[in-house]
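To keep things clear, I will list the structure first and then write my remarks on it.
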Amino acid sequence: MNKNKDVAGEEQSGALMADVARLAGVAISTVSRALANPGRVNEKTRAKINAAARQLGYTPNAMARGLRVGKSNIIMIILPGSLYYGVSQIIPQVLQSINKSLIQGGYNLMIANLDRDELSERHILDLAFGGSVRGVIILSSKLPEVDGRSLANSGLPIVSMLLDMSDAGLLSVVTNDREAVRDVTAELIRLGHRRFFYIAGPEGNYHDVERYGGVIEALEAAGLSEERVRRSGGHLDYQHGFDIGVQAADDFATLRERPTAVIATSDDMAISFVSRIQRAGLSIPGDLSVVSFDGSPVCEFSSPPLSTIEQPVEEMGRAAVDLLLDALGQTQNPTARTVIPSRFILRESIAAPKN
């Protein structure tokens, strides 16, 4: 065998941890701590070690380290930025569902925030390559990547939840965004609505593309053109849903020919929009019907109670964990894309238009 081993017992096909330590001018144990637990090494030393590792092309072998220290029972979930997601409660519900399923499988949950800055991405990659975790569930559209290291090359099984990343080779668990919005839009058309106002998420985002696509498909099926829809938003992330809804209300007020139905891509957007519209003297659903997406429990207690498309987050969480555990058990040919249907909850915010 031509494989080398460093003194810590970690197999490599190229540079050794000892080589990194020699180039950085530190002890091997310091390199090991910096890679596995970066918070235990001061920033200056960590920078020297990272520079040496990059120069030598050194990458810790997470699988080999796992054999040495005992297989980790930690699953890391990567959230898309801040934990603050308004009142939507989708992220807390996702975490609760995943944590419950992991505990039943004998695993523990680690939460990481992907703020799209180098420090957070590097920390996530250090955990992945250092053998601290066994697998990853990600709720972001982009995998962490710093200095040529990518989560995709960590050797860990990865499942994407809420976002379809099956085209990138990731196991994905999603709901039927497009179909669900298409069906709701078709119901609004059946009630007599012909002019629509769409409150958008960030332009190009998977959810926004799918949900707006559902609106257009319903219009086309009814013989109506895309010109029947006026859009607002498209610039802010979903965690800024309240701000998006407030701006949408301002945009709506400037329209000469006002739509009779509003489709918001999150509950947060719809709630703040309705609040501002009602202050302006319009009634829901008398003057304007409103429907949103997510299914937050707070929608039931809005005024009026808000019609919403409820994401099956509990079922999706269980499915994501099942896929990950199957991958850990090397189950053959796991399903690349699992779709769990959402359900429409009809409440008092929808009615036929006045004219």
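Residue 308's amide H: which non-local residues (gap 5+, or another chain) put their own amide H closer than 5 Å, with H modeled 1.01 Å from N in plane and none for Pro or chain starts?
For residue 308, whose amide H was placed from the backbone, the distant partners under 5 Å are 292, 345, 347.
Cross-link candidates for residue 354: which aspartates and glutamates have Cα within less than 17 Å, leaving aside residues fewer than 8 places away along the same chain?
By straight Cα distance, residue 354 reaches 187, 257, 287.
Mind checking which of 169, 214, 181 is farthest towards the positive end of the chain's charge dipole, using Cβ charges of +1 (Lys, Arg) and -1 (Asp, Glu) about the Cα centre?
169
Leaving out same-chain residues fewer than 8 places away, which aspartates and glutamates sit with a Cα under 19 Å from that of residue 100?
Correct list for residue 100: 314, 315, 322, 326.
Bins of 5 Å, beginning at zero and ending with the bin holding the largest distance: percent of Cα pairs per bin for the range 180-235, please.
Per 5 Å bin, starting at 0, the Cα pair percentages come out as 4, 21, 32, 25, 13, 5, 0.
What value in Å³ per residue do you get for the convex hull of the alpha-carbon atoms in the range 277-355?
On the way: hull volume 8.6 nm³, N = 79.
Normalising the Cα hull of the range 277-355 by residue number yields 109 Å³.
Specify the angular offset, from 0 to 90 degrees and rounded to the nearest 10, of the alpha carbon long axis of helix 313-328 from the longest principal axis of the alpha carbons in the chain.
30 degrees
So who's got an amide H within less than 5 Å of the one on residue 160, skipping anything under 5 residues away but keeping other chains? H placed 1.01 Å off N, in plane.
138, 171, 172, 173
In degrees, nearest 10, range 0 to 90: what is the angle between the Cα axis of helix 241-253 and the longest Cα principal axis of the chain?
That works out to roughly 30 degrees.
Which value, to two decimals, describes the C-alpha radius of gyration of the chain once divided by 2.2 N^0.38 Å? Spell out each step's value before the answer.
On the way: Rg = 24.3 Å, N = 355, 2.2 N^0.38 = 20.5 Å.
Working it through for the chain, the quotient is 1.19.
Here, each number is a calculation from the coordinates, and none is a lab measurement. Here the structure is a predicted model, which is why all the values come from computation and not from measurement. Using ideal geometry, Cβ is built from the backbone for each residue, glycine included, and neighbour counts are taken over all protein chains shown.
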